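Notes follow once the structure below has been shown.
The values are calculated or read from the model by the stated rules, or taken from the named source; none is laboratory data. From a predicted model like this one, the values you see are computed outputs, not experimental measurements. Here the Cβ positions follow ideal geometry from the backbone for every residue, glycine too, while neighbour counts run over all protein chains shown.
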Amino acid sequence: MEIVEKISEVREITAEMRRKGLKIALVPTMGYLHQGHLALVKQAKQEGTFVVMSIFVNPIQFGPNEDFSRYPRDLEHDAQLAREAGVDLIFHPAVEEMYPQKNRTTVQVSELGNALCGLSRPGHFNGVTTVVSKLFHIVQPDRAYFGQKDYQQYLIVRQMVRDLNFPIEVIPVPIVREADGLALSSRNVFLTPEQRQEAVVLSQSLIEAETLIRQGERSVARIEDKIREKITTQSSGIIDYVEVRSAENLEKSATINEPVLIALAVKFGTTRLIDNYVVEV
Ligand code: AMP
């Protein structure tokens, strides 16, 4: 497995693989790898596929008061995990390689970004779609893998690929969780032991909400209230949002009559965690 930092090197290597007839898979990450990232690699690794993982903490998707500078980084450990998982090439560019001068062109997907994380993190998804477009142009993958942990991000990237005719298949991968249900996240390292224990309330409240829907509850407001109540009574978490929306287009309605996304974002101290569940009805 090679680690390269220059766009020109990635282009050369992937062109060579393409000439050999291999399909290229891209797994974009911000590093500090865990089993969630590796699940994407596992799906990407198919016969005759050359797996490229990008590791880049993308400054333009962080707000001014967010955790860009303290976002955890450990390239050496990442390289070891990636190698063991079967990644063929790591692309680890410096910020100056990706943004050598002021970036004047951005990619914006309308509507899907105006809800959930898009409201609490203004500009975040434009940063994501811009960097993902750049990675798509640099790597030119046949397939790209995105975790459902960031479900809204997956929908937005899928929409971008359709709207801008990227010849790329966008493949969603289910959320990988700890034994107690907490969704794996690079940010979990910031949780104190107490916060870590309390954070199980997120997945538990989602499971309870799913059970309610299965039992016939169709009121979006009642489900959202139930989740909010559980989180506030059973943890010190401060709710950013708890929302039930269409799993297809994130539209909001009062009653559930199509597959829904139950999504939440909750802050434990300075650490903001997100989780979600898709429920088919
Ligand atoms: P990140 O490094 O957090 O930007 O994540 C890189 C990719 O890994 C994104 O597509 C995420 O959705 C995905 N991912 C992160 N955590 C998980 C998880 N627990 N399960 C599945 N995918 C994940």
Being within 18 Å of TYR71 (Cβ to Cβ) and aliphatic (A, V, I, L, M) is the filter here, so list the residues in the stretch 28-53 that pass it.
MET30, LEU33, MET53
Can you pull out the residues in the stretch 20-39 that are in contact with a Ser or Thr (Cβ under 8 Å, 6 or more places away or on another chain) and away from the ligand (no atom under 16 Å from the Cβ)?
LEU22, LYS23, ILE24
Whether any residue in the stretch 207-220 is within 30 Å of ALA94 (Cβ to Cβ), touching a strand residue (DSSP E or B) at 6+ places or on another chain (Cβ under 7 Å) and more than 16 Å from the ligand (Cβ to nearest atom) is what I want to check.
no
Take the stretch 151-178 and flag every residue that is of a type in the set (Asp, Glu) and either within 13 Å of the ligand (Cβ to nearest atom) or in a helix (DSSP H, G or I) (or both).
ASP163, GLU178
Regarding LYS230, is this residue within 22 Å of the chain's Cα centre (by Cα) and touching a residue at least 12 places away in the same chain (Cβ under 8 Å)?
no
Would you mind telling me which numbered condition in (1) within 13 Å of the ligand (Cβ to nearest atom); (2) farther than 22 Å from LEU33 by Cα; (3) assigned to a loop (DSSP other than H, G, I, E, B) GLY181 fails?
(2)
Among strands (runs of 3 or more DSSP E) lying entirely in the stretch 1-117, which contain 2 or more residues that are β-branched (Val, Ile, Thr) and farther than 26 Å from ALA263 by Cα?
2-4, 49-55
Taking only the stretch 189-232 into account, find how many residues are within 19 Å of VAL260 (Cβ to Cβ) and either outside any helix (DSSP H, G or I) or at pLDDT below 95 (or both).
5
For SER8, all conditions in the list (1) touching a residue at least 60 places away in the same chain (Cβ under 8 Å); (2) surrounded by fewer than 19 Cβ atoms within 10 Å (Cβ to Cβ); (3) more than 9 Å from the ligand (Cβ to nearest atom) hold save one; what is the number of the exception?
(1)
Do the conditions hold for ALA144, that is, is it within 13 Å of the ligand (Cβ to nearest atom), at pLDDT 95 or above and not acidic (Asp, Glu)?
yes
When you scan the stretch 37-65, how many residues do you find that are surrounded by 14 or more Cβ atoms within 10 Å (Cβ to Cβ) and within 17 Å of VAL95 (Cα to Cα)?
10
Residue satisfying all of: in the stretch 127-141; of a type outside the set (Val, Ile, Thr) and over 14 Å from the mean Cα position of the chain (by Cα); surrounded by the most Cβ atoms within 10 Å (Cβ to Cβ) among these
PRO141
What number goes with the only condition from (1) of a type in the set (Lys, Arg); (2) surrounded by 14 or more Cβ atoms within 10 Å (Cβ to Cβ); (3) within 16 Å of the ligand (Cβ to nearest atom) that ARG70 does not pass?
(2)
Hey, among the residues in the stretch 189-199 that are within 17 Å of HIS34 (Cβ to Cβ) and surrounded by fewer than 18 Cβ atoms within 10 Å (Cβ to Cβ), which one's nearest to the ligand (Cβ to nearest atom)?
VAL189
Which of (1) within 11 Å of the ligand (Cβ to nearest atom); (2) closer than 22 Å to PRO167 by Cβ is the odd one out, the single condition MET17 does not satisfy?
(1)
Residues (more than 17 Å from CYS117 (Cα to Cα) and either assigned to a strand (DSSP E or B) or aromatic (Phe, Trp, Tyr) (or both)) located in the stretch 233-281:
THR255, VAL279
